[in-house]
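The values are calculated or read from the model by the stated rules, or taken from the named source; none is laboratory data. Keep in mind it's a predicted model, so treat the numbers as computed, not measured. For neighbour counting, all protein chains shown are included, and Cβ atoms are generated from backbone atoms with ideal geometry for every residue, glycine included. All accessible areas refer to the heavy atoms of the entire protein, side chains included, with ligands and DNA or RNA removed. Shrake-Rupley method; radii C 1.70, N 1.55, O 1.52, S 1.80 Å.
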Amino acid sequence: GRLASARTLSRAAKFEASPPPRQEAGLTAKDDAVSPIPIDLLVVDDEPKIRMLLKEDFEQRGCRVRAAASGEDALALLDEEPAQLVILDLKMEELNGFEVLKHLRGRYPELPVIVITGTYEGSEAEQAVKALGALACFTKPFELPTLRRLVFEIAARLAPKAQPTAHGLSMDSL
């Protein structure tokens with residue numbers, strides 16, 4: 001699938017979201033990827049179509065997803081219940097993604113954050129968000145499978161390692 005956005009000078013925005021292509025006989029293996037490890041995501045984007053597309057896509061792949069339409073809502077949701085990963089848009093009214101990222105670093109310094117943006121482009125934006133602790137910065141439009149792969153890699157890294165038993169073997173190796 002592909003996510004695309006465009007903003008005009010009148011502050012109106014046009015967003016297009018399309019699901020991944022499906023073959024007539026069903027989904028391909030790549031399209032049907034499921035998170036190897038369940039992960040709790042928080043998707044933060046003020047554009048409803050993008051927010052819901054990401055929420056539905058990751059839920060279909062075994063993730064638990066909460067969604068917030070603003071930076072304020074995101075921080076409130078995290079105060080109620082932590083997430084394991086945040087996907088954060090930069091351009092939002094009032095509390096923008098840069099400000100949310102600063103708050104997250106102060107409150108939850110170990111929380112992984114992936115930034116998505118349709119406004120800021122180039123290496124300067126990527127350097128700025130990475131300096132604030134984001135793991136990656138995707139510029140809209142971006143390929144959903146690429147974002148999905150990164151989320152699944154993070155989920156695998158966050159998974160607790162198998163604990164050795166008294167005999168030196170882990171239960172996973174049996």
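Observations on the structure shown:
- Here SER70 passes the criteria (1) under 20 Å from LYS140 (Cβ atoms); (2) of a type in the set (S, T, N, Q); (3) at pLDDT below 95 except the one numbered (3).
To keep it simple, each residue is scored yes or no on (1) open to solvent by 10 Å² or more (accessible area, probe 1.4 Å); (2) at pLDDT below 95.
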site	(1), (2)
LEU3	no, yes
PRO20	yes, yes
ALA25	yes, yes
ASP40	yes, no
GLU56	yes, no
ARG61	yes, yes
GLU93	yes, yes
GLY97	no, yes
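- Matching entry among PRO112, PRO164, PRO160, PRO145 (being at pLDDT 90 or above and either open to solvent by 80 Å² or more (accessible area, probe 1.4 Å) or farther than 18 Å from ILE50 by Cβ (or both)): PRO112
- Residues in the range 63-91 that are in contact (Cβ under 8 Å) with a residue 40 or more places away in the chain, surrounded by 15 or more Cβ atoms within 10 Å (Cβ to Cβ) and not β-branched (Val, Ile, Thr): CYS63, ALA83, GLN84, LEU85, LEU88, ASP89, LYS91.
- The single condition among (1) closer than 21 Å to LEU77 by Cα; (2) within 12 Å of the chain's Cα centre (by Cα) that CYS137 does not meet is (1).
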